[in-house]
Amino acid sequence: MPVRHLLLVGAGHASIEVLRSFALAPVAGLRLTVLTPSPALRYSGMLPGIVAGHADPAAGTIDTAGLARAAGAALCVDRASFVDAGRRRVFRDGGDPFDYDLLVLDVGAPPATPDAPQALPVRPADELLARLAPLDEAAARPAPFRIAVVGGGAAGVELVFALETRLRARRAEAGADPATLSFVLLPGPFGLLPTLPAGVARQVRALFAARGIEVGPSGLAGAPKDGAIPLDDGSRIEADVSLWASGAAAPSWLRGGGLATDAKGFVAVAPTLRSISHENVFAAGDIAGFGGMKVPKSGLYAVRQGPVLAENLRRHVDGRPLRPFRPQRAALYLLATGPDHAIGTRNGIVFSGAWVRRWKDRIDRRFIARFSTP
């Protein structure tokens, strides 16, 4: 039986389920390689707590290298730089390209960030965490310091709450005046939390007001320059640091390799997660474009794609019909708004409190534990 090569590019929230599944039940005649820039995955659900400083970074980390070993996969810590779908080859930054028989793309997508050194993307997570030490240092100084977070979705909201918690604590520890540390969230052209029930945004605004977090005007933010962020209405928002959590941008290395992409440059896939142009290519998570099927670019949905992706890879190898991914109609959203508070919503019902935060923590830790010992 000929051995076929399955190459996983990226080890995101969907691909880790593939590794777990193949560790539990290997596929005969299939050789696995994982190409990823990090040997560990920072789980997005626990990132706000880690940024805020009340969660252990190790507790929110999934050991990708360990999962790869358990699945019998070779691990290559490097970044993909180009996909030649016609030649079935993936190029990378630091070495020879990989040939493949079957390809999975699950690299996530960075925020749509202006091309300016002052605009700091919040993904990948490791880069965000590396920026915390300089922010701590700046917040501890007595001079006025203003932080802007661009993006009115769940990621931007959770991040500004987490930074406010963390940096006010650093300010207090240094004995500096907390009034000279300020925060502003720029929600973007669609406003604050536009995809969630209005009651969630109302509660968030009330918490912002209580904690001294400003909400800027709705509008498209441009590249920061000279300590300010221009908006498309002509106004400018002052900020010493600008963190971008708005939308998602397709990786530039997807262009020109022959894979079909959607209008925004994401890999165009069918509901089965298979490429519409190449039957031996699958994509999941933020890098996948589902066309008319509305699938938010969120870790919540990427996690749900994992079991479908693992099953369809097996079905592809066996020549069986593939199973479609059906996004949940009534997804549960839980927003971390502090160390002892969260807001949740499902089916239009909004609820909040310390118990919601404890519930979210249990869900997140249960997810992490699922990948500790496959």
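The values are calculated or read from the model by the stated rules, or taken from the named source; none is laboratory data. Computed from a predicted model, the values in this text were never measured in an experiment. As a convention, Cβ positions derive from the backbone with ideal geometry for all residues, glycine included, and neighbour counts pool all protein chains shown. Note: accessible area is taken over every heavy atom of the protein model, side chains too, but ligands, DNA and RNA are not part of it. Shrake-Rupley method; radii C 1.70, N 1.55, O 1.52, S 1.80 Å.
A few notes on this one:
- Residue within the stretch 272-292 that is closer than 29 Å to PRO2 by Cα and either touching a Pro at 6+ places or on another chain (Cβ under 8 Å) or modelled with pLDDT under 95 (or both) present: yes
- Taking the stretch 210-251 as the range and being under 21 Å from ARG131 (Cβ atoms), of a type in the set (A, V, I, L, M), free of Cβ contacts under 8 Å to residues at least 60 places away in the same chain and open to solvent by 20 Å² or more (accessible area, probe 1.4 Å) as the test, no residue passes.
- Taken over the stretch 155-190, the criterion of being surrounded by fewer than 17 Cβ atoms within 10 Å (Cβ to Cβ) and outside any helix (DSSP H, G or I) is satisfied by ALA174, GLY175, ASP177, PRO189, PHE190.
- Of everything in the stretch 191-209 that is assigned to a helix (DSSP H, G or I) and aliphatic (A, V, I, L, M), the residue that is surrounded by the most Cβ atoms within 10 Å (Cβ to Cβ) is VAL204.
- Residues located in the stretch 82-111, provided they are assigned to a loop (DSSP other than H, G, I, E, B), charged (D, E, K, R) and farther than 14 Å from LEU259 by Cα: ASP93, ASP96, ASP101, ASP106
For every residue, the table says whether it meets (1) touching a strand residue (DSSP E or B) at 6+ places or on another chain (Cβ under 9 Å); (2) open to solvent by 30 Å² or more (accessible area, probe 1.4 Å).
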{"residue": "VAL107", "(1), (2)": "yes, yes"}
{"residue": "PRO111", "(1), (2)": "yes, no"}
{"residue": "ALA119", "(1), (2)": "yes, no"}
{"residue": "GLU127", "(1), (2)": "yes, yes"}
{"residue": "LEU132", "(1), (2)": "no, no"}
{"residue": "GLU137", "(1), (2)": "no, yes"}
{"residue": "PRO142", "(1), (2)": "no, yes"}
{"residue": "VAL150", "(1), (2)": "yes, no"}
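- The listed residues are GLY265, GLY257, GLY291, and the only one of them that is open to solvent by 50 Å² or more (accessible area, probe 1.4 Å), outside any helix (DSSP H, G or I) and small (Gly, Ala, Ser) turns out to be GLY291.
- Among the residues of the stretch 112-164, just one is among the basic types (Lys, Arg) and closer than 30 Å to PRO197 by Cβ, namely ARG123.
- Considering each residue of the stretch 191-207 in turn, none proves to be within 14 Å of ILE147 (Cβ to Cβ), in contact with a strand residue (DSSP E or B) (Cβ under 7 Å, 6 or more places away or on another chain) and not aromatic (Phe, Trp, Tyr).
- Where VAL356 falls short, out of the listed (1) crowded, with 18+ Cβ neighbours inside 10 Å; (2) under 20 Å from the mean Cα position of the chain (by Cα): (2)
- Just one of the listed residues (GLY175, GLY191, GLY152) is within 21 Å of the chain's Cα centre (by Cα) and on the phi > 0 side of the Ramachandran plot, and it is GLY191.
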